[in-house]
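The values are calculated or read from the model by the stated rules, or taken from the named source; none is laboratory data. Just so it is clear, the structure is predicted and the values come from calculations on it, not from any experiment. Note: ideal-geometry Cβ built from the backbone for every residue, glycine included; neighbour counts use all protein chains shown. SASA here: full protein model, heavy atoms, side chains in, ligands and nucleic acids out. Shrake-Rupley method; radii C 1.70, N 1.55, O 1.52, S 1.80 Å.
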Amino acid sequence: MVVRLAPSGTGGLLMLQDFVGFRAAARLWYAKTLADGGAVPYARDEPRVSTGRRGADRVLLVGNGPAHGWGVASHQLSLPGALGRSFTRRTGRGCDVDFVGEELMSMGAAVPWLGNRDLEPYDLAVVVIGMSDAVRLTRLEDWERDLDALLRHLHSGLRKNVRTVIAGIQTVASVPPYRGLFAVAGQRHADRLNTVTARAVAATGRDVFLPMPEPTPELGRPFGSPRMYEGLADAMTATAAPLLDEVRAGEAERRESMAGAVKWRWAGAERVMQAAGTRGTPRLQALTQRAKEQFGVQLSAVTLLNDDRLWFAAASAGTPVSIPAELSYCVHALRTGAPLVVPNALSDERFRHNEFINLSHLPFYAGVPLHSLAGDPIGMFCLLAAQPRGARTVSLDALQAFAREAEAELQGLELEADLAAR
């Protein structure tokens, strides 16, 4: 292992990136930091903020970090709501904002996260991604490739005159858990990523790079507050609002459709997900907690598959509301209808390059399919651990017993939904 000192004039900082394996250590540190932050509130409600005004501007916000809504319990109070209100004040037209993302979404996972969403109705796209890539030391070539893929995806779906604003990465030390030695390396890397981003965005001739304003947290609320998000939004819309004005001035007609409520394919899903804001129904909560303790894992969850997304109907704190199905373990088991055990995703060709699994750093998985009243597979009862484990460390018989209890709860909710619909 070789340590090099930075050139003079940089304060003699150790170039920690030069440690062999330091990138792997940074990723482990990020995963642990995220797990330790499970008690910090964040927005888990419907990721859409609407004014209800006919003819309102329509903005798509794609992101993680500050876009995720750390420190507040509603998207109305976080960046989506703050952007909608700030755009409305500047343009006078009203502004509806849809948010796509989660903290566990990196630049490499952005396109799958967007999935098959219809982009044509939006008047502006705003991208706020990068803090996790900075502190995890994502390779510059990977970042550039994934940024290019995201811009191409947005350009192919948005109308030709609609612009995309790509926000830079804010100061790493502005996020309380990221201070310290890893933040030194993270900040140096964030500067490199911002340089790559600004160059790539300028080359499109269509998009705008916006250095991310420095957040101003309130005393006693270091992770985020409505006032902090209002300040960020006002700084961002000073650049972005004129882009909306250009689009609206050049169009006489427009589509009035926006992304609507989720259309659930399984009858009981809506009742289950109504309780998901509190981590599931009491019975599902108790089951996942018991399984987590009995098997000694970091996460136990009940998931539901709906179209191209996997939803967490019940799980430990810190899990996202939903993730792209293609990035999940569960979808592989649901395709076969059989239990699945992955001892070590890092050495499994199906998963070793999976961006979400690498980001969350939960390389062990064991899951059993859950079924509807008609016998169709609808989701999984699953376990995830932060370290690889032998396949026999989890008794499938014991896991299937938990799955049968969860399945009975889900089928009861399905029956209630069927009766209510008659």
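Of the helices (runs of 4 or more DSSP H) contained entirely in region 322-422, those carrying at least 1 residues that are farther than 26 Å from GLU270 by Cβ and open to solvent by less than 30 Å² (accessible area, probe 1.4 Å) fall at 355-360, 396-421.
Name the residues in region 86-112 that are open to solvent by 10 Å² or more (accessible area, probe 1.4 Å) and in a helix (DSSP H, G or I), would you? The answer is THR88, ARG89, ARG90, THR91, GLY108, VAL111, PRO112. Could you please let me know if ARG145 is under 21 Å from LEU243 (Cβ atoms), loosely packed, with under 15 Cβ neighbours inside 10 Å, out of contact with any helix residue (DSSP H, G or I) (no Cβ under 7 Å at 6 or more places or on another chain) and at pLDDT 95 or above? Taking the combined requirement at face value, the residue does not satisfy it.
To keep it simple, each residue is scored yes or no on (1) part of a helix (DSSP H, G or I); (2) in contact with a Ser or Thr (Cβ under 9 Å, 6 or more places away or on another chain); (3) surrounded by fewer than 18 Cβ atoms within 10 Å (Cβ to Cβ).
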residue	(1), (2), (3)
ARG192	yes, no, yes
THR195	yes, no, yes
ARG199	yes, no, yes
ARG206	no, yes, yes
GLU214	no, yes, yes
ARG227	yes, yes, yes
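Among residues of region 130-145 that are within 20 Å of GLY101 (Cβ to Cβ), those with a Cβ under 7 angstrom from a residue that is assigned to a loop (DSSP other than H, G, I, E, B) and of a type in the set (Val, Ile, Thr), sequence gap 6+ or separate chain, pair up as GLY130/ILE169; MET131/ILE169; MET131/VAL175; ALA134/ILE169. Considered as a group, the residues in region 113-142 that are more than 17 Å from the chain's Cα centre (by Cα) and open to solvent by less than 20 Å² (accessible area, probe 1.4 Å) include one that is farthest from PRO211 (Cα to Cα), and that residue is PRO121.
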